[in-house]
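Worksheet for the structure shown next.
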Amino acid sequence: MTTALQSPPRRTTSRLQDASLLNGPMLLLRSIKGFRRSQSWAWLASIPLALLGLGVFTFSARAEVALSDLTGPQAASFLADNLWLFIATILVIFMNAGFAMVEAGMCRQKNAVNILAKNLFVFALAVTAYWVIGYSLMYGGSVIDGWLYFQGLFVDPDPSGALECAAAGDTGCLVPAVDFLFQSAFAGTAATIVSGLVAERVKFGEFVVFSIVLTAFIYPIAGSWQWNGGWLAELGFIDFAGSSIVHSVGGWAGLVGAMLLGPRIGKFVDGKAQAMPGHNMAIATLGALILWIGWYGFNPGSELAMDQYVAYVAVTTTLAAAGGAIAATVLSTITSGKPDLTMIINGILAGLVSITAGCGNMTFAGSWLAGAVGGLIVVVAVAALDSAGIDDPVGAFSVHGVCGVWGTVVIGLWGVDGMDPGAAGIGLLNGGGINQFFIQALGAAAYGIWTVVTCWIAWQIIGGFFGGIRVSEAEETQGLDIGEHGMEAYPDFASS
Amino acid sequence: MTTALQSPPRRTTSRLQDASLLNGPMLLLRSIKGFRRSQSWAWLASIPLALLGLGVFTFSARAEVALSDLTGPQAASFLADNLWLFIATILVIFMNAGFAMVEAGMCRQKNAVNILAKNLFVFALAVTAYWVIGYSLMYGGSVIDGWLYFQGLFVDPDPSGALECAAAGDTGCLVPAVDFLFQSAFAGTAATIVSGLVAERVKFGEFVVFSIVLTAFIYPIAGSWQWNGGWLAELGFIDFAGSSIVHSVGGWAGLVGAMLLGPRIGKFVDGKAQAMPGHNMAIATLGALILWIGWYGFNPGSELAMDQYVAYVAVTTTLAAAGGAIAATVLSTITSGKPDLTMIINGILAGLVSITAGCGNMTFAGSWLAGAVGGLIVVVAVAALDSAGIDDPVGAFSVHGVCGVWGTVVIGLWGVDGMDPGAAGIGLLNGGGINQFFIQALGAAAYGIWTVVTCWIAWQIIGGFFGGIRVSEAEETQGLDIGEHGMEAYPDFASS
Amino acid sequence: MTTALQSPPRRTTSRLQDASLLNGPMLLLRSIKGFRRSQSWAWLASIPLALLGLGVFTFSARAEVALSDLTGPQAASFLADNLWLFIATILVIFMNAGFAMVEAGMCRQKNAVNILAKNLFVFALAVTAYWVIGYSLMYGGSVIDGWLYFQGLFVDPDPSGALECAAAGDTGCLVPAVDFLFQSAFAGTAATIVSGLVAERVKFGEFVVFSIVLTAFIYPIAGSWQWNGGWLAELGFIDFAGSSIVHSVGGWAGLVGAMLLGPRIGKFVDGKAQAMPGHNMAIATLGALILWIGWYGFNPGSELAMDQYVAYVAVTTTLAAAGGAIAATVLSTITSGKPDLTMIINGILAGLVSITAGCGNMTFAGSWLAGAVGGLIVVVAVAALDSAGIDDPVGAFSVHGVCGVWGTVVIGLWGVDGMDPGAAGIGLLNGGGINQFFIQALGAAAYGIWTVVTCWIAWQIIGGFFGGIRVSEAEETQGLDIGEHGMEAYPDFASS
């Protein structure tokens, strides 16, 4: 890491390098000491009947390095790195509010409570599932080299390894608590994207079970291929903050659900898609702005350290959002005559997703353009899904799925090799040849295939076990708020 | 503080140690130099008729230590500590938006303006009252040893003491401005909790006056017992971030108000509680997520320094919220048949309150469980208050009062002695004996008794002076928005 | 900068000093190396027909100083400065959500989509325009000494200069990416203020074009006079965070638009102003609290470094907001009988604007009072504009224009010379003489004259070119949401 910072011309910004270098010593220490075993035993003992066991950790204390032992530069980096990652984590968690407002605002009033409840509850489940096993599957030690990882259950909170890492002169030495929390927020994001695709017709309980499967198993295993130094990382795949790993996985998972569910009642009449306008544009707009803010944790936070590049990533992220907004607005104004607010919102989100993989491998101009093309894509994709008879109520697949793939492959078109001025082009169109493009396409395809297959199986099993995943026709017509939750979102207001 | 960080096995995480160690030198300096006297004189001179006096500080400048005099580790800690506390402060202040949205969303449309106005205005009052006298009563020099503190009026902004503290090699050296602002946000939180309990029937002006009394006197005096090293701190009471000190004080203060006010018209028919659903679940959900985010300032910020433990506190906070959400949702689904969104919201908040005292004294598993039990408690408590004929419109006493007490005593059940792997159990169920449990129960009781007695007096005096604290029956039926504010929250929408 | 921090008695807090000291070396380096020329060439090549050119930067890499070369204090300041400025930037960008919610909430339902779309889209445009040319005009090299600056098109992202600055022992060495993003958020704020003044009757496309002109040319040129060390800075004008430069410029620009547009249909009947209440007080209140939070980036961020003064600025900001809320509430209760929520909101915003220029040149008491007077002013100003027949739908000119001027001149009344205890008075009422007052008044007038003249021309040209800037009478009556966007904000709700 330190050497990487010293020699900018060849700074690999794919997160894997960071992950392997940073987490390596800590993971090693954990496996040697066998912490997790004892901790998982403690957990079993913690069920209400055996409260006595709670918190009994049998490992002995170790803290050879104290914060006050660090030299000035070491302390500066250790504190700034961990502070920045924690703040980035908070911003990513705040994205839950953004997703909840965008998805609820873009759905109909009669399903608002359902969408809100799903978004709120799923984060609680995601963080629990990721704590119990997901983090271990994603960042644990190798089980099947490059493909499967595991390190026992539950997250080990010992900060000693991070302090030792800092004392050894490394930067980006994150305590396990902040790394876990940052990663768990990413897992929650993937689940939240699904919520939008299956909105207004999926059963609450069945969705909840699927979310657990996704965040505990499907997402972490896929994520490890790249961010834990797996086979995609070894190929040289670049996905800095998760266009493929987070957004396309969420998009594919939801697409399978949406296709299995079928369209909402009344969405297609004689094969033609009908407009089903969202019920609250104020909260949808608020949600878009919260997501924009949250992305400053998502993308710059994926630098996994505080350094001179964090703000660079923030600028590429911002310019892509701006480009997406402008392009989507212009195109939708041309095609439909007037600037549609939902298209401004989706254009912004499309721009953000389009830069998420390449936010550390793109010039400023390249970022704006990647976002702008994403903005065009989202307008076309929404229409294309309608034509294909697939009902994506809030445009989540167009935004996260299609632009997730686009954001991954655009690195192979005009990406650059890092964030320093002398960074060489690695794309087909800026002199880098076609190699990176193929790798990017392969990675994007791998995430699509894995997610579609596993999620299809998961949705089928859940549906078979619980008697279908879709609410009854009567309940759908009346609204899921009454049917699933027995309440209304706005009981004091008259409906039109 | 430094030594504490160096020897983790016995790290006392109760905030008092920090407070006394950190603020000690600065408080001493202030009293020696008599800064506050001269400053309070300056204030008197600042009334409009004597503007000339404004800003005339008669003390001479002192700044023996400059930022550039600090060594590397000193500068790293000084900057990170003050930056982190400032960010934590912003997050806690943001909780005002969370409370406003949760409380307004869970009340009826006709009282929305009133709730919003209360929440907005009370923070302005709280910060003013806390600046004038509250901070001095809470963190000033000893007047009655362990029980009462005072240091003149107005906050002294001189950062010299913090720089000297850093130059002496200490960590957690906060400038007075950031410490004051962080603490004033806590004071505002206590007042905001009251707002929910007395909602939909209290007079605006009378509530405002009560808020001033609470934030200027009742809360700061109670807080000093623990966080200024008072008698509870000396007993070994643990309340890291304020389950008792902030949340239960707010809860008890509001409960007294709610009982003196009596229930809303129509709440109880033939002794049975009637549902009065909130008017806007979208903003209530948003508020819950804002509060969740804000809690990352509230709890981890209470470490009062940036170090390797901040993120640990964030994880315990997160897992408790998740546990609370899951337990409350499961229980309310069992009891009422369907997952109620308001119970998911209250479950999250219950989990958060339940870990606020013990967020630095709990294993990860213990935190999840503390939150989950909190989630169960809140469902039961809401029903119990209904049975008892007490009308708590948004469930604020169940969340902040009952779970505030629970969060305090759970440390005595399965708390541990710090955040390092070797931390010993200090609870009844994990080998720590019953001592800590009794201390926790005593502290929780002390805050309940103090608050109930003083607030009962305060509400009575205010009611006597202004002719009652409850609006007229006609006004309540019509809604407080028209009666108290002469306006509607949503004038363009038809009511159902 | 370093010396300034070492000798607090004469610490000039006007931002110019910072800007010239900090950006000087970097700007110099840029102009020597001619980076921008080659980059603007790269941009021209990046149009879709010539994608090949994207990312081709012809300058050679330079990175003589690496992060790991910095000493402890240097690394501590470099990391803290850049981290803090990035966080401040995020907070300021979040203000877009605040403005969107306040403005939309205070307008009528039938125009909500329009306001939301404007606020969302304009930030995308502002950041693009500021990236292309605005930043260069505001912080580039001198073209006409003290009056006009320019440095080619597009922002140069090279962080080398900042690292060299840090290695030379300076503090506040910001990488260009974070400085650009922080400044672009300010530019967006100015445009957003205009949106409120022209609400409910301006054409969407014409407003969009005006916003580009404002953020690309009018605002940056005016800003350079002070923050790039121009003629106002040389006179000793103080505007720490932009009461004049950002808020009054936005206010004046919007006022010209509002006067050219004329009042909304039905606003004045027989010369008397009619109430047109906002449609959603919940989101308006949320917006006010988001703006309050965002101001902690706006004002303390304008310190442009992390040091012992950042929190001081946060406290002056907070107390002014509190003073503004209290004074506006008291006065509006006296004049209208009941506390009006919109006046609490505008009182808070007025207090915040009133301290924006002087947040680093005011005692705590002076800040509270400056805000309180601002709160009184806003109540009077709203009534005065009504009397004058000017229709300002959300009170934006009263808040940002009038209080922007007030916040600028109050420094000449009771400002002090910095943030240290010994800071001398520089105002008319605290022994500083009348000199500073005249300079402040001159600066405020300069911003007013420049903005009114240039914006009058801009609005006229845009109106002439596109056939007027106001929607048709029929469209205005029906609402701009249908007319401009073909959609409704709340289609499922019945209107009253």
Please determine whether any residue of region B:387-403 is buried (at least 19 other Cβ atoms within 10 Å of the Cβ), at negative phi and in contact with a Ser or Thr (Cβ under 6 Å, 6 or more places away or on another chain). yes
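Out of the residues in region A:151-165 meeting the condition of being outside any loop (DSSP other than H, G, I, E, B) and touching a helix residue (DSSP H, G or I) at 6+ places or on another chain (Cβ under 6 Å), tell me which one is nearest to A:Thr71 (Cα to Cα).
Step one: filter region A:151-165 for residues outside any loop (DSSP other than H, G, I, E, B), giving A:160-165.
Remaining after also requiring touching a helix residue (DSSP H, G or I) at 6+ places or on another chain (Cβ under 6 Å): A:161, A:165.
Details: A:Gly161: 17, A:Cys165: 13 Å.
Of everything passing the filter in region A:151-165, A:Cys165 is nearest to A:Thr71 (Cα to Cα).
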Enumeration of residues in region C:430-456 that are at the interface with another protein chain (Cβ under 9 Å from one of its Cβ atoms) and on the phi > 0 side of the Ramachandran plot: C:Gly431
So if I check each of A:Gly432, A:Gly422, A:Gly404, which one is in contact with a strand residue (DSSP E or B) (Cβ under 8 Å, 6 or more places away or on another chain) and of a type outside the set (Asp, Glu)? A:Gly432
Report every pair of residues separated by at least 6 positions or lying on different chains whose Cβ atoms are under 7 Å apart, first residue within region B:308-322 and facing chain A (nearest Cβ under 7 Å) and aromatic (Phe, Trp, Tyr), second surrounded by 24 or more Cβ atoms within 10 Å (Cβ to Cβ) and assigned to a helix (DSSP H, G or I). B:Tyr312/A:Ala177
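Residues A:Phe268, A:Phe237: which one is surrounded by fewer than 24 Cβ atoms within 10 Å (Cβ to Cβ) and either more than 10 Å from chain C (Cβ to nearest Cβ) or free of Cβ contacts under 8 Å to residues at least 60 places away in the same chain (or both)? Show your work before the answer.
Numbers: A:Phe237 fails: surrounded by fewer than 24 Cβ atoms within 10 Å (Cβ to Cβ).
So the residue among A:Phe268, A:Phe237 that is surrounded by fewer than 24 Cβ atoms within 10 Å (Cβ to Cβ) and either more than 10 Å from chain C (Cβ to nearest Cβ) or free of Cβ contacts under 8 Å to residues at least 60 places away in the same chain (or both) is A:Phe268.
Mind telling me which of the residues A:Gly223, A:Gly251, A:Gly242, A:Gly294 ends up being within 14 Å of chain C (Cβ to nearest Cβ) and under 14 Å from the mean Cα position of the chain (by Cα)?
The conditions single out A:Gly294.
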Could you tell me whether region C:404-427 includes any residue that is modelled with pLDDT of 95 or more, touching a His at 6+ places or on another chain (Cβ under 7 Å) and not hydroxyl-bearing (Ser, Thr, Tyr)? yes
Six or more apart or on different chains, Cβ under 8 Å: which pairs go from a residue in region B:328-342 that's within 17 Å of B:Gly374 (Cα to Cα) to one that's surrounded by fewer than 16 Cβ atoms within 10 Å (Cβ to Cβ) and charged (D, E, K, R)? Could you list them? none
Unmet criterion (only one of (1) crowded, with 24+ Cβ neighbours inside 10 Å; (2) within 30 Å of A:Met487 (Cβ to Cβ); (3) within 10 Å of another protein chain (Cβ to nearest Cβ); (4) out of contact with any His (no Cβ under 9 Å at 6 or more places or on another chain)) for A:Ala177: (2)
Could you tell me how many of the residues in region A:150-191 are touching a Lys or Arg at 6+ places or on another chain (Cβ under 8 Å) and under 17 Å from A:Phe217 (Cα atoms)? 4
Per the filter on region B:387-403, residues in a loop (DSSP other than H, G, I, E, B), in contact (Cβ under 8 Å) with a residue 60 or more places away in the chain and of a type outside the set (D, E, K, R) are B:Gly389, B:Ile390, B:Pro393, B:Val394, B:Gly395
For residues in region B:271-288 being among the hydrophobic types (A, V, I, L, M, F, W, C) and touching a residue at least 12 places away in the same chain (Cβ under 8 Å), which is farthest from B:Leu91 (Cα to Cα)? B:Ala273
Across region A:209-239, the tally of residues that are under 29 Å from A:Leu120 (Cβ atoms), out of contact with any Lys or Arg (no Cβ under 6 Å at 6 or more places or on another chain) and aromatic (Phe, Trp, Tyr) stands at 3
Kindly indicate whether any position in region B:406-419 is crowded, with 21+ Cβ neighbours inside 10 Å, more than 20 Å from the chain's Cα centre (by Cα) and under 18 Å from B:Gly251 (Cβ atoms). no
Taking the condition surrounded by fewer than 22 Cβ atoms within 10 Å (Cβ to Cβ) and either away from every other protein chain (no Cβ under 14 Å) or out of contact with any strand residue (DSSP E or B) (no Cβ under 6 Å at 6 or more places or on another chain) (or both), does A:Gly427 pass? no
Inspect all residues belonging to region B:356-365 and state whether any of them is within 19 Å of B:Tyr447 (Cα to Cα) and either free of Cβ contacts under 8 Å to residues at least 60 places away in the same chain or not in a loop (DSSP other than H, G, I, E, B) (or both). yes
So the check is Cβ under 6 Å with 6+ separation or different chains; which pairs have a first residue in region C:473-496 that's at the interface with chain A (Cβ under 7 Å from one of its Cβ atoms) and a second one that's part of a helix (DSSP H, G or I) and surrounded by fewer than 22 Cβ atoms within 10 Å (Cβ to Cβ)? C:Glu484/C:Phe204
With the checklist (1) buried (at least 24 other Cβ atoms within 10 Å of the Cβ); (2) at positive phi in hand, flag the one item A:Gly169 doesn't pass. (1)
Sort through A:Phe94, A:Phe99 and tell me the only one that's within 8 Å of another protein chain (Cβ to nearest Cβ) and either surrounded by 24 or more Cβ atoms within 10 Å (Cβ to Cβ) or assigned to a helix (DSSP H, G or I) (or both). A:Phe94
Within the bounds of region B:458-471, is there any residue that is closer than 23 Å to B:His247 by Cβ and not β-branched (Val, Ile, Thr)? yes
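Matching residues to (1) closer than 26 Å to B:Ala112 by Cα; (2) of a type outside the set (Asp, Glu); (3) out of contact with any Phe, Trp or Tyr (no Cβ under 9 Å at 6 or more places or on another chain):
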residue: C:Arg264; (1), (2), (3): no, yes, yes
residue: C:Lys272; (1), (2), (3): no, yes, yes
residue: C:Gln308; (1), (2), (3): no, yes, no
residue: C:Val315; (1), (2), (3): no, yes, no
residue: C:Ala325; (1), (2), (3): yes, yes, no
For C:Val143, the lone unmet condition from (1) surrounded by fewer than 24 Cβ atoms within 10 Å (Cβ to Cβ); (2) away from chain A (no Cβ under 12 Å); (3) not in a strand (DSSP E or B) is (3)
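Here is a yes/no grid of residues against (1) more than 11 Å from chain C (Cβ to nearest Cβ); (2) modelled with pLDDT of 95 or more; (3) crowded, with 24+ Cβ neighbours inside 10 Å; (4) closer than 21 Å to A:Asn280 by Cβ:
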| position | (1), (2), (3), (4) |
| --- | --- |
| A:Met343 | no, yes, yes, yes |
| A:Leu349 | yes, yes, yes, yes |
| A:Thr363 | no, yes, yes, no |
| A:Gly371 | no, yes, yes, no |
| A:Gly375 | no, yes, yes, no |
Just one of (1) closer than 30 Å to C:Asp340 by Cα; (2) without any contact (Cβ under 8 Å) to a residue 60 or more places away in the chain trips up B:Phe150, so point out which. (1)
Could you go through region B:333-341 and let me know if any residue there is out of contact with any Pro (no Cβ under 7 Å at 6 or more places or on another chain), surrounded by 24 or more Cβ atoms within 10 Å (Cβ to Cβ), within 7 Å of chain A (Cβ to nearest Cβ) and assigned to a helix (DSSP H, G or I). yes
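The values are calculated or read from the model by the stated rules, or taken from the named source; none is laboratory data. Owing to the predicted nature of the structure, the values given are computational and were not obtained by experimental measurement. A quick note on method: Cβ atoms are made from the backbone with ideal geometry, for glycine too, and the neighbour counts reach across all protein chains shown.
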